[in-house]
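**Student:** Questions regarding the structure given below will be posed in turn.
Just so you know, all these numbers are worked out from the coordinates, no wet-lab data involved. Being a predicted model, the structure only gives us computed values, none of them experimental. Positions of Cβ are backbone-derived with ideal geometry, glycine not excepted, and every protein chain shown enters the neighbour counts.
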Amino acid sequence: MGEEMHDQAGGPMTAAVDIQGVTKRFGDVVAVDNVDLEIADGEFFAMLGPSGCGKTTTLRMIAGLEFPTEGSLKIFGEEVGTLPPNLRPVNTVFQNYALFPHMNVLDNVSFGLRMQGKDKRESAHAAQEMLELVQLGGMAKRKPDQLSGGQQQRVALARALVNKPKVLLLDEPLGALDLKLRQDMQNELKSLQRELGVSFVFVTHDQEEALTMSDRIAVMHDGKLLQVGTAEELYDQPVNRFVADFIGQTNLIDATVFDADMIVLANGTKIRAPNPYPAGDKVAMSLRPESISIGHVDEVPEEFRATSLTGTVSDVIYLGHSHVYTVNVDWMPLEVRTNATPTSIKHEPGSEVAIWWDRRSDWVVPDEGHGA
Amino acid sequence: MAGNAKQLKGNTRWALGLNATLVYVFFYAPIALLILFSFSDDPLVGRWGGFTLDWYRAFGENEEVQSALGVSIRVAIMSTVVSVVLGTMAALALERYRFRGNKFFDALLYLPVIIPDVTMAVMMLLFFTIARNAASTIFGVDVSKGVWSVTVSHIAFSISFVSIVVRARIAGMSEKLEEAAQDLYASRWQAFRYVTLPLILPGIIGGGLLALTLSLDDVVITQFVAGPGSTTLPVYVFGLIRRGVSPLINAVSVVMLAASVLLVLLSLVAQRARGGDVT
Ligand SMILES: Nc1ncnc2c1ncn2[C@@H]1O[C@H](COP(=O)(O)OP(=O)(O)OP(=O)(O)O)[C@@H](O)[C@H]1O
Ligand SMILES: [Mg+2]
């Protein structure tokens with residue numbers, strides 16, 4: 001987050017998009033609340049968050065379709081605060097594509113070049129080439145309403161990319177596609193981005209999509225930017241309860257800090273959990289279901305004694321490759337996920353069990369940012 | 001349901017057929033008679049006196065008719081052009097920009113559509129009288145009613161119709177398209193010229209043809225605000241009737257009917273067109 005970005009040679013590098021202290025208000029609604037964000041050149045950057053958290057608004061401010069109420073917004077070092085969209089080196093793939101219905105595919109794709117004053121033949125040629133790239137070479141003369149959803153999606157992509165933008169903004173571009181097509185397009189987008197080396201800023205509320213496609217991800221909630229990081233950072237080191245809960249599945253266990261190494265759970269159990277918070281602070285421990293082991297009460301290995309609990313199995317679901325247990329540890333249910341191998345024992349509902357985990361896999365977050 | 005419709009009992013079908021026939025007769029018999037008697041060689045309306053084109057010849061030669069026709073066409077074209085421009089601008093403003101009092105102006109725009117013609121006519125008459133008095137006391141010039149006052153009145157009622165038709169078209173068009181155009185390096189003007197305008201053009205043409213028809217047809221308002229030399233064709237016909245009906249009226253009416261039908265056909269053709277491309 002705070003770190004500066006550096007290029008290969010190690011020198012400081014101009015961010016493709018540099019957002020500092022940006023707030024956007026619509027009347028009383030604070031759509032984007034004091035956001036700081038840097039997006040590197042050539043980065044696949046995702047913005048993730050629940051509906052209404054301000055993703056689209058942030059994207060629209062980068063595009064120039066909305067102007068910040070406060071703060072500074074730079075594109076490759078140039079302040080663009082209130083520059084109109086047509087003067088910015090960015091292009092957008094809109095949520096429902098927004099193809100021009102009265103123009104054929106070729107005219108749609110060459111529109112941006114024509115508006116920049118390029119010659120008609122030249123524009124048509126470049127547009128045709130871009131259509132080949134997205135495998136729509138044969139569709140140039142069709143009208144948008146004669147294309148399938150996936151094809152329209154590609155036209156929207158070609159229409160933006162033909163202008164060779166320095167930053168491509170995509171607002172839930174795959175939202176309207178069915179699952180199979182969605183996965184294909186995810187791969188295509190990713191390889192297209194690598195090939196072109198352009199920064200992609202990709203808005204989605206599908207966390208799996210964000211995790212699999214992006215170099216870095218920003219998690220937003222209620223207009224605030226909660227955390228920016230790689231998929232691993234977000235998953236393993238969430239900054240608060242909301243991010244822990246929003247990215248993947250987790251057990252959030254309320255606790256109080258005992259010292260830098262220990263926390264106390266609600267039932268008085270002391271658990272080994274290294275943390276930077278002062279003693280007595282209310283915190284929550286995030287424990288991923290798949291990092292918990294389960295076994296008989298007397299089976300807890302010596303080194304995991306300080307990171308174990310006992311409880312009763314209340315439910316078990318078999319998923320083929322794994323068992324998902326619900327274990328009641330006297331004050332709350334926890335989810336535990338274990339690999340199901342032919343040799344693994346299944347613990348039936350009602351059995352007394354112990355659960356334990358490596359102390360590096362629990363993670364303490366401050367007791368704030370409830371939600372989701 | 002469709003199956004049922006096909007299997008209607010014999011007499012139901014017969015009744016429906018009769019009904020349809022009666023409706024068509026009711027609609028079209030007067031028109032047929034009008035057209036027929038415009039070719040009748042008998043100065044009494046409604047009596048067949050053999051085929052003649054005299055009434056059409058009279059229509060072409062009668063100077064009063066010709067001058068009324070000229071006034072009608074001039075007023076119609078001028079008021080249509082102005083009301084199309086103003087009405088489209090009003091539609092764009094109301095549909096695309098949120099401003100204080102938006103709702104109020106919205107309601108205001110519909111008023112001329114629901115105000116009775118006579119009320120509108122009295123309003124306009126009052127307006128022109130006051131304007132004339134004001135002009136003569138302040139500037140010392142005499143602006144008596146004439147073609148200009150008729151045109152202004154027609155503009156006043158046509159704007160509403162144009163903007164209602166155009167607004168329907170704008171409302172059906174996503175704002176995202178204009179944003180997409182601007183994102184693709186179009187200036188505001190270019191976005192309007194190459195995206196908005198082609199997409200709302202059928203609405204503009206439809207509204208324009210409506211304005212043209214309304215202007216060509218209007219009697220009540222025109223009669224109130226007309227001055228010397230600004231008699232339009234419908235007002236002239238109305239006057240003729242008071243002096244006694246002659247088959248000349250039939251001929252004039254047939255010509256007006258033909259013009260209206262032509263306008264409607266044109267508007268249908270326009271609605272089908274999808275607008276142009278970037279050139
Ligand atoms: N033009 C506007 N006028 C008023 N409020 C707005 C406007 N645009 C957005 N908002 C509000 O700002 C907040 C953020 O909206 P935004 O569209 O950025 O959310 P989002 O994260 O893109 O959500 P989604 O995932 O549903 O698309 C919402 O509360 C929304 O109602
Ligand atoms: Mg959105």
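**Student:** Please list A:72-81, A:160-169 highest first by mean number of surrounding beta-carbon atoms within 10 Å per residue.
**Tutor:** The packing order, highest mean first, is A:160-169, A:72-81.
**Student:** Given a Förster distance of 30 Å, report the FRET efficiency between A:Asn34 and A:Phe258 from their Cβ-Cβ distance, rounded to the nearest 0.05.
**Tutor:** Using R0 = 30 Å, I get an efficiency of 0.30.
**Student:** Let me spell out the model: positive unit charges on the Cβ of Lys and Arg, negative unit charges on the Cβ of Asp and Glu, origin at the Cα centre of segment A:17-236. What dipole size does that give, in debye rounded to 20?
**Tutor:** For this selection, approximately 1080 debye.
**Student:** Now a separate question. In segment A:338-353, which residues have a backbone nitrogen under 18 Å from the label point lying 7 Å from A:Thr310's Cα in the Cα-to-Cβ direction?
**Tutor:** Output list for this probe position: A:347-353.
**Student:** Sticking with this structure for a sec: Of B:Ile164, B:Ile138, how do they rank once you tally other Cβ atoms within 10 Å and put the fewest first?
**Tutor:** B:Ile138, B:Ile164
**Student:** How do the peptides A:107-114, A:227-234 rank, highest first, by the average count of neighbouring beta carbon atoms within 10 Å per residue?
**Tutor:** Per-residue Cβ counts within 10 Å, averaged per peptide and sorted highest first, yield A:107-114, A:227-234.
**Student:** Something else now. Quick one: length gained pulling B:Trp189 to B:Asp117 fully straight, 0.36 nm per residue minus the C-alpha distance?
**Tutor:** 22.1 nm
**Student:** Using +1 at the Cβ of each Lys and Arg and -1 at the Cβ of each Asp and Glu in segment A:241-366, identify which of A:Asn275, A:Thr256, A:Val243 lies farthest towards the dipole's positive end.
**Tutor:** A:Val243
**Student:** Per-residue HN-Hα couplings for segment A:248-257, Karplus 6.51 cos²θ - 1.76 cosθ + 1.60 at θ = phi - 60°, whole Hz, x for Gly and Pro?
**Tutor:** So the J values, rounded to whole Hz, are x, 10, 8, 9, 10, 10, 5, 7, 10, 6.
**Student:** Could you tell me which of A:Ile345, A:Gly117, B:Ala32 has its Cα farthest along the dipole of the protein assembly as shown towards the positive end, charges placed at Cβ (Lys, Arg +1; Asp, Glu -1), taken about the Cα centre?
**Tutor:** Value computed over the given set: B:Ala32.
**Student:** What does the highest-first list of B:203-211, A:342-350 look like by mean Cβ count within 10 Å?
**Tutor:** Put in order of decreasing packing, that is B:203-211, A:342-350.
**Student:** Under a point-charge model restricted to the Cβ atoms of Lys and Arg (+1) and Asp and Glu (-1), what is the dipole moment magnitude of segment B:63-272 relative to its Cα centre, in debye to the nearest 20?
**Tutor:** 260
**Student:** Placing unit charges on C-beta atoms (Lys and Arg positive, Asp and Glu negative, everything else neutral), compute the dipole magnitude of the protein assembly as shown about its Cα centre in debye, rounded to 20.
**Tutor:** The calculation lands at about 3860 debye.
**Student:** Which residues does a label at A:Glu195 reach in segment A:86-130, if reach means a backbone N under 11 Å from a point 7 Å past the Cα toward the Cβ?
**Tutor:** A:130
**Student:** On to the next question. Quick check: from the Cα gyration tensor, does the protein assembly as shown come out rounded (a/c under 1.5), prolate or oblate?
**Tutor:** It is prolate, given that a/c is not under 1.5 and a/b is the larger ratio.
**Student:** With the crude spin-label approximation of a point 7 Å out along Cα→Cβ, what separation in nm comes out for B:Leu22 versus A:Glu208?
**Tutor:** Rounded to a tenth, the inter-label distance reads 6.6 nm.
**Student:** Provide A:Asp362, A:Asp171, A:Asp222 in ascending order of the number of other Cβ atoms located within 10 Å of each residue's Cβ, fewest first.
**Tutor:** Least crowded to most crowded, the residues run A:Asp222, A:Asp171, A:Asp362.
**Student:** Label 7 Å along Cα→Cβ of B:Gln66; segment B:214-228 residues with amide nitrogen under 20 Å?
**Tutor:** none
**Student:** Let me ask you something else. Counting other beta carbons within 10 Å of each Cβ, put A:Phe202, B:Phe37, B:Phe139 in order, fewest first.
**Tutor:** B:Phe139, B:Phe37, A:Phe202
**Student:** Peptide A:88-97: average number of partner chain Cβ atoms within 10 Å per residue?
**Tutor:** 3
**Student:** Here is a follow-up. Summarise the partner chain shielding of A:98-106 as one whole number: the mean count of Cβ atoms from other chains within 10 Å of each residue's Cβ.
**Tutor:** What the average comes to for A:98-106 is 6.
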